[in-house]
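Comments concern the structure below.
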Amino acid sequence: MTPPFVRLAVPTIALLLAACAATTSFPAGETCLARGYAIEDDFIAARRGTCTRLPGGGVRLEIRPEISGRINPSPWFAFKVIPDGAAEAVVELVYTRHSHRYWPKISNDGLNWDPMDERYVTALDGGRSARIVVPLASDPVWIAAQEIIAPEIQDAWNREISAAAGVPLSVLGESKAGLPIHVLDSNPDSEDVLFLVGRQHPPEVSGAIAFFAFAEVVFGNTDLAREFRERFRVIAIPLLNPDGVVGGHWRLNLGGVDLNRDWGPFEQPETALVGDLLDELDASAARIRMFVDFHSTDKNVFYTQFDETDPPGFTTRWLSAAAPRITDYRFGKETRPITNYNIAKNYMFKRYGIPAVTYEVGDETDRGATVAAARVFAEELMRTMLQQEY
Ligand SMILES: [Zn+2]
């Protein structure tokens, strides 16, 4: 039986359409009524600016970042199309800053996503805009820059991992908006620590997918993973910027700060939690031996240290061991000199001299290949650390 709210939904939109026929422009947060469909942005991670109805039946959506100042070119968008008779919605994305980067993903439930078919997506005006054709039937369709992995999905994953591997899960503290920032912390009795961080940058979903696969192996129940966790403590913070994810941010936390430029100052609530945790570890017998921070960019690459690490050559040994086992995932290793930016990788190297790596996954890298490669990288990292004398 159809629930009453669904039966009401269609006539309500039809009435609204009739009543608002004269309105052509709808600010963010307001249902945008087009001819035969509506566009909504009332869900977690949604982002669109003003929606303007075009004479031909399509709509133009402004895509704008969370601040007006300088920001990285990670133009996130996410909206929902509610059909009301039209066979398709023609949506023009107009970027107020930067240009079209993410290949749109489509979902029928907001949970399972696919890249849109090529025939439905056209970049226009040198990438300053893009046209998307959304085929419609009777049910809502979600469109987003990348798969939406909301904090509640991350939290469910945390609980599953914790239960399956018996790894304690706790709340490290709260984000600026009061959302919990979780930490998985296995075997605190071991002095030698592997430290993993995920999702400082909200749109970097391919990096999050790698994080999940990688951590599932490290927290897995194989002989290798069990041996590793007996020898090493693993501290993992899967989602450092929940507010940015909820807000559909391009880059920043709710304080308008790039968290991966705040390692050292630790002035934001989220990074301050990390700073306090590092101080706590330093005050104990714990020694961080390896640091991996998961991100996304235009290619698969590991950013590593320009200067020699302790132990020397570690990252090269790790990645060289993984490379022969990895197929369908081309990746590079690039050394980076230390800059004045307060980037996690640089900070951890400067503070501890350890191998500290940014694990970057291409925006559109095949998700299956991303998962398969992350599993191998995790296994070989565990083997390389187990072989290393500390
Ligand atoms: Zn990033």
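The values are calculated or read from the model by the stated rules, or taken from the named source; none is laboratory data. Keep in mind the model is a prediction, meaning the values are calculated, not measured. A quick note on method: Cβ atoms are made from the backbone with ideal geometry, for glycine too, and the neighbour counts reach across all protein chains shown. Remember, those area values only see protein heavy atoms, side chains included, never the ligands or the DNA or RNA. Shrake-Rupley method; radii C 1.70, N 1.55, O 1.52, S 1.80 Å.
Each residue in the range 41-61 was checked for being over 22 Å from the mean Cα position of the chain (by Cα) and either at positive phi or not small (Gly, Ala, Ser) (or both), and 10 pass.
Entry remark, the range 162-209: residues being outside any strand (DSSP E or B), aliphatic (A, V, I, L, M) and closer than 19 Å to Glu360 by Cβ number 3 in total.
On the given criteria, is Val234 in contact (Cβ under 8 Å) with a residue 24 or more places away in the chain, assigned by TED's automatic domain parsing to the domain that holds Val183, buried (at least 21 other Cβ atoms within 10 Å of the Cβ) and not in a helix (DSSP H, G or I)? Judged against the criteria, Val234 is a match. The condition of being surrounded by fewer than 24 Cβ atoms within 10 Å (Cβ to Cβ), in a helix (DSSP H, G or I), away from the ligand (no atom under 16 Å from the Cβ) and not aliphatic (A, V, I, L, M) holds for Phe212. When Asn72 is tested against (1) within 15 Å of the chain's Cα centre (by Cα); (2) closer than 18 Å to Ile39 by Cβ, exactly one condition is not met: (2). Candidates Tyr390, Tyr347, Tyr341, Tyr359: the one that is surrounded by 22 or more Cβ atoms within 10 Å (Cβ to Cβ) and outside any helix (DSSP H, G or I) is Tyr359. What pairs come up if the first residue lies in the range 143-158 and is aliphatic (A, V, I, L, M), the second is assigned to a helix (DSSP H, G or I) and buried (at least 23 other Cβ atoms within 10 Å of the Cβ), and their beta carbons are under 7 Å apart, counting only those six or more places apart or on different chains? Qualifying pairs under 7 Å: Ile149/Val205; Ile149/Ala208; Ala150/Val245. Scanning the range 279-314 for residues that are modelled with pLDDT of 95 or more, touching a strand residue (DSSP E or B) at 6+ places or on another chain (Cβ under 8 Å) and either closer than 15 Å to Val234 by Cα or surrounded by fewer than 17 Cβ atoms within 10 Å (Cβ to Cβ) (or both) turns up Leu281, Ala286, Arg287, Ile288, Arg289, Met290, Phe291, Val292, Asp293, Asp298, Lys299. The strands (runs of 3 or more DSSP E) falling completely within the range 25-138 that include 2 or more residues that are open to solvent by less than 10 Å² (accessible area, probe 1.4 Å) map to 32-34, 37-40, 59-63, 78-83, 88-95, 105-107, 129-135.
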